[in-house]
1. Evaluate the stretch B:53-63: report whether one residue or more is over 30 Å from residue B:243 (Cα atoms) and more than 14 Å from every other protein chain (Cβ to nearest Cβ).
2. I'd like to verify a number: residues in the stretch A:388-409 that are polar (S, T, N, Q), surrounded by 14 or more Cβ atoms within 10 Å (Cβ to Cβ) and more than 11 Å from every other protein chain (Cβ to nearest Cβ), how many?
3. Take residue B:360 and tell me if it is of a type in the set (Lys, Arg), closer than 23 Å to residue B:4 by Cα and in contact (Cβ under 8 Å) with a residue 40 or more places away in the chain.
4. List pairs: first in the stretch A:295-314 and of a type in the set (Asp, Glu), second crowded, with 24+ Cβ neighbours inside 10 Å and in a strand (DSSP E or B), Cβ under 7 Å, 6+ apart or cross-chain?
5. Please go through the stretch A:64-118 and give me each residue that is of a type in the set (Gly, Ala, Ser) and touching a strand residue (DSSP E or B) at 6+ places or on another chain (Cβ under 8 Å), ordered by number.
6. Consider residue A:330 carefully, then state whether it is part of a helix (DSSP H, G or I), in contact with a helix residue (DSSP H, G or I) (Cβ under 9 Å, 6 or more places away or on another chain), closer than 19 Å to residue B:78 by Cα and facing chain B (nearest Cβ under 9 Å).
7. State all residues of the stretch B:213-268 that are more than 30 Å from residue A:326 (Cβ to Cβ), assigned to a loop (DSSP other than H, G, I, E, B) and not aliphatic (A, V, I, L, M); if no residue qualifies, say none.
2 protein chains.
Amino acid sequence: MELLLKNCAQVLTQDKTRNILKDTDILIKDGIIKELGKNLSTAGKIIDCKDKLVMPGLINTHNHLAMSLFKGYGDDMPLDRWLQEKIWPAEAKLDDGSVRYGTLFALMEMIKTGTTCFSDMYLSSGAVLSAARSTDIRGFVAYGMIDLGNPEKTESEIKEANLFLKNFKSDKTGLIRPMLGPHSPYTCSRDLLEKTKKLARKNNLQIHIHVSETQKEIDDSIKAKGMRPVEYLNDIGFLDKNTIMAHACHLSEDEIALIKKSGARISHNPTSNMKLATGGAMPLKELMDAKIPVGLGTDGSASNNSLDLMGEMKVCALLHKFADNDPETASAQTVLDLATIGGAKVLGLEDKIGSIEIGKQADIILIDLNDTTMIPDHNSVSNIVYSATGSCVDTTIVNGKILMENKILTTIDQKTVIEKVKEFASKI
Amino acid sequence: MELLLKNCAQVLTQDKTRNILKDTDILIKDGIIKELGKNLSTAGKIIDCKDKLVMPGLINTHNHLAMSLFKGYGDDMPLDRWLQEKIWPAEAKLDDGSVRYGTLFALMEMIKTGTTCFSDMYLSSGAVLSAARSTDIRGFVAYGMIDLGNPEKTESEIKEANLFLKNFKSDKTGLIRPMLGPHSPYTCSRDLLEKTKKLARKNNLQIHIHVSETQKEIDDSIKAKGMRPVEYLNDIGFLDKNTIMAHACHLSEDEIALIKKSGARISHNPTSNMKLATGGAMPLKELMDAKIPVGLGTDGSASNNSLDLMGEMKVCALLHKFADNDPETASAQTVLDLATIGGAKVLGLEDKIGSIEIGKQADIILIDLNDTTMIPDHNSVSNIVYSATGSCVDTTIVNGKILMENKILTTIDQKTVIEKVKEFASKI
């Protein structure tokens, strides 16, 4: 199956040299970028891109998709009250059906705003998996685990995780992959973390875990374990290149060295961290200097309250310029890298996605250069990061398949999803 | 002339009690909100609002409209290099024609994203004035002044200011009003500031001035004048209720007391301050506690790079939660107030705009409740501030006149404006 993106006005390749191509064709065959050049032809579908900026699809490395059901349900509250008074009681009302539609609603927002790959961690993983597969987006579904130190729960979580993996039948596209998602070092026992790591190593899987989100977590860890969270994870042999740590707002120099040595990766969630006032900005500059892979995430809609990575890129740049008191830090190009090739590295997919290069999978978005936010065009990377929002995306392609064309979704029944989400929301 | 907004699903009135009305009609006659209630009728135009959230138009209290021509032209640079290497050389190429189209382009973006009142300070005020009037938006055009301590320039600026006021013929709508815009206490001599204040008092005009944007400005002021900038302005009798200070990032307790006593007002520009790393957040909580009027501004597109106040509200909330390390500060309602009734107070128009109340002028926007960002609807104020972007605005009304309906602009020839902006941008 072929698809030709014809006369692309600009292609932000995000390749090694960050090359920007002008007036270029992109030929996609069987989901793979086959050719980049002029005057290419095809017997397949052609999209006229003469008014389009073409770039790699955005990669959202940390999410709780179905929490889109709780968007706006509790804001402007401290994390502990927010969880205890709002989120946990609401989550008690979830079932597979509501998780399915919450997931689809989140993916709808993502596809509309140019995200082509997600990494989720939540409940009812089976429902998440089947919802995600139905959309043909790319992503990772983690089976989320918490034992709060209860040994019976440890055993049941590991049993459930094994079941999740056993039932996880790969389909031929391989678009959705499994992960394991122990919630955090403070909600999971050492036993659960060790057993999860063993299971992950046996199955060659990545682990997605919250680490060092708040100052309180650091203080509690030192009090309980005599170590900071990353030191503790290193101590129990948990850190390796298959470990993805979400947040990591509070890292000591020694911890950054431990992360570097282990090969672990970071998902940065600037809006969520600012909104929940987690007490400090993730040390982006230090992590970049150490060449540790960092990607961007929105976190769930309950703590952001948007899944639009275009907006997230701007907040990311603003946060670090403010926190470092340096207008030159977190440049537009740096931040665009986080949301594309950086995210691909975090997810271990840098050979497959994150840039537009021959041989890579065709995860590509088209942006309308006639959108007010893209005019004037002194610097299109700057326009993408500082001016645009996800609403300037008009076409989203994953693995060569069009999931949205001219703002019309092709794989999600938007009307039904919205009805179901409204119905569930009215009950909580 | 009548306009009836029929069956509004929700009306965020932003009145004193922040009342939210459901299933309400709004009758507008000759630009004024005449009735709020059920089953109203009209012989005039009717807009069906059963899927709309209806709210006061947003108010942008600090802008340099025509700098939309320089959006993305210089980013990720320190303020001094940005001005010297990028902005000043580019501004040298401006003329009335380019300022006209830059202004129209900015107003286009504002109307599209729900802004109904602006406050501008720039060059070529005549061109700004005529462009703004042609759109039927509400706003203030300030004649911008700088003398850099040169007495000849002081005289010529005051002469030009007089001429600007003389030529400023009010039209019958009174939508566009004049202000005086001495750039700042560090670029204007004491003589210029005093003469400007005198001229403003004589004509009962407001003054729009940059104050205490960067730490360097504070340090330089103490060195040169033995006083901080607000102390200095107070000392020379410059502060009163007709003084609007943009930025005000760095304020001492004493300065906050001086502002309070004088009645002066503040325009807060969070994105611009973060992007340019001005060295600290405006003390929002302290200013609110002192009940000093504070409004929101985007600053110009060269330092933001967006004029979308929906996005600005989110950045504002995030900044203060982060800076104060407090998730409860800068709540969604607080921030919505800044962008509506707060802005009206700053501009001295709290009796006319900023809320939807009988007798006020009809500056109203309609938001599509079927937009993904507005679903689910646990809390519409939260959705507006944390989830929505300006792209969910579909209709913008100023003084009872529709400037955009279903995303179609009615007073601006979008195609011509875009062509002219692209043409000028290609020359710098």
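The values are calculated or read from the model by the stated rules, or taken from the named source; none is laboratory data. Source: prediction; values computed, not measured. In this analysis, Cβ positions are derived from the backbone assuming ideal geometry, glycine residues included, and neighbour counts consider all displayed protein chains.
1. Looking for residues that are over 30 Å from residue B:243 (Cα atoms) and more than 14 Å from every other protein chain (Cβ to nearest Cβ), one finds at least one in the stretch B:53-63, hence yes.
2. Of the residues in that region, 3 qualify.
3. yes
4. Matching pairs, first to second residue: A:299/A:62; A:299/A:63; A:312/A:296.
5. Hits for the stretch A:64-118 are A:66, A:106, A:114.
6. No.
7. Within the stretch B:213-268, B:237, B:238, B:240, B:241, B:242, B:263 qualify.
Table: residues versus (1) of a type in the set (A, V, I, L, M); (2) over 29 Å from residue A:345 (Cβ atoms); (3) surrounded by 24 or more Cβ atoms within 10 Å (Cβ to Cβ); (4) within 12 Å of chain B (Cβ to nearest Cβ).
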residue	(1), (2), (3), (4)
A:77	yes, yes, no, yes
A:81	no, yes, no, yes
A:93	no, yes, no, no
A:100	no, yes, no, no
A:113	no, no, yes, yes
